[in-house]
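Written below as C-alpha cells is the structure these notes are about.
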Amino acid sequence: MGYKPKIILSGREVNDSMSKFIFKEIIRLLKLREIEVENSRTLILCFTFKENCNDFRNTKVLDIYNLFKDRNLKVEIYDPVVDKIAVKKEYNIDIIKSLPSKKYDAILLAVSHDNFKSININDLLKPKSVIYDAKGFLNVKVDGRL
C-alpha cells in the first residue's frame, strides 16, 4: 500500500496538461499570423470523448472550451454526433447543430469523427486563419498538430 506508480501518474499529468498546451499553441499561432486574439473567432470540431461516439463524459474538449471562455474569447463547438440537449443540460454549452456558414480565425479539430472527412475546411476560414489538428486527421495544410 502507498505505492505510487510513477509512469501512470506521469502519463496522467501529460494528459491533463494537453488542453492548456493546445490552447496556448492556438493563441501563439494567432499572434504569429498577426490576428488580434481578443477579436478572433474559433471553431472547435467535436465535443465528445472519442471519435464516432456520442459520449462526452471526461472530454478534454470542455477544458479547452473553458480556457477560451475564461479569456472572453469567441469560441463555438460543432459536433454532429453528440447529444446537444444533454451537453446543454450538463454544461450550459450550446453545440452548433449544423455546419456554420461563418468564417473563423482558428479551427481546432479536437476529435476526428468520420463526418469531418466531408467538410471543406477552407470554406470556414478567414484569410490568415489557423488550423490546429490534434488528431492528424485533416487532409489540408495545418499550422499545428500533436
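FYI, it's all coordinate maths here, none of it is from the lab. Computed from a prediction, not measured in an experiment: that's the story for all the values here. So basically every Cβ, Gly included, is an ideal-geometry build from the backbone, and we count neighbours across all protein chains shown.
Looking at the square roots a ≥ b ≥ c of the eigenvalues of the Cα gyration tensor of region 36-146, which shape do they give, rounded for a/c under 1.5, prolate if a/b is larger than b/c, or oblate?
Since a/c reaches 1.5 but b/c is at least a/b, the shape of region 36-146 is classed as oblate.
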Could you derive backbone 3J(HN,Hα) for region 107-117 from the dihedral phi with the Karplus parameters 6.51, -1.76 and 1.60 (θ = phi - 60°), listing whole Hz in sequence and x where the residue is Gly or Pro? 10, 10, 8, 8, 9, 9, 5, 4, 4, 6, 4
For Ile131, other-chain or 5+-apart residues with amide H closer than 5 Å (H placed, Pro excluded) are Ile107, Asp143, Gly144
Non-local residues with an amide H under 5 Å from the amide H of Arg41, with H modelled 1.01 Å from N and Pro and chain starts lacking one, are Asp105, Ala106
Once you charge only the Cβ atoms, +1 for Lys and Arg and -1 for Asp and Glu, what is the size of the charge dipole of the chain about its Cα centre, to the nearest 20 debye? 200
Dipole magnitude of region 53-100 about its Cα centre, charges +1 at Lys/Arg Cβ and -1 at Asp/Glu Cβ only, in debye to the nearest 20? 120
Report the calculated FRET efficiency for Asn58 and Ser98 (r = Cβ-Cβ distance, R0 = 25 Å), to the nearest 0.05. 0.45
Within the chain, which complete DSSP H helices have Cα atoms spanning at least 18 Å along the helix axis and a mean Kyte-Doolittle hydropathy of 0.0 or higher? 6-32
At 222 nm, what helix-only mean residue ellipticity would the chain give, in deg cm²/dmol to the nearest 500, using -39500 (n - 2.57) for each DSSP H run of four or more? -10000 deg cm²/dmol
Given a Förster distance of 22 Å, the FRET efficiency implied by the Cβ-Cβ spacing of Lys31 and Arg71, rounded to the nearest 0.05, works out to 0.95
Let me spell out the model: positive unit charges on the Cβ of Lys and Arg, negative unit charges on the Cβ of Asp and Glu, origin at the Cα centre of region 82-146. What dipole size does that give, in debye rounded to 20? 140
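Of Lys20/Lys60; Lys24/Lys74; Lys60/Lys102, which pairs sit farther than 21 Å apart, going by alpha carbon to alpha carbon? Write down the numbers at each step before the final one.
Numbers: Lys20/Lys60 10 Å; Lys24/Lys74 15 Å; Lys60/Lys102 25 Å.
Long pairs (Cα-Cα over 21 Å): Lys60/Lys102.
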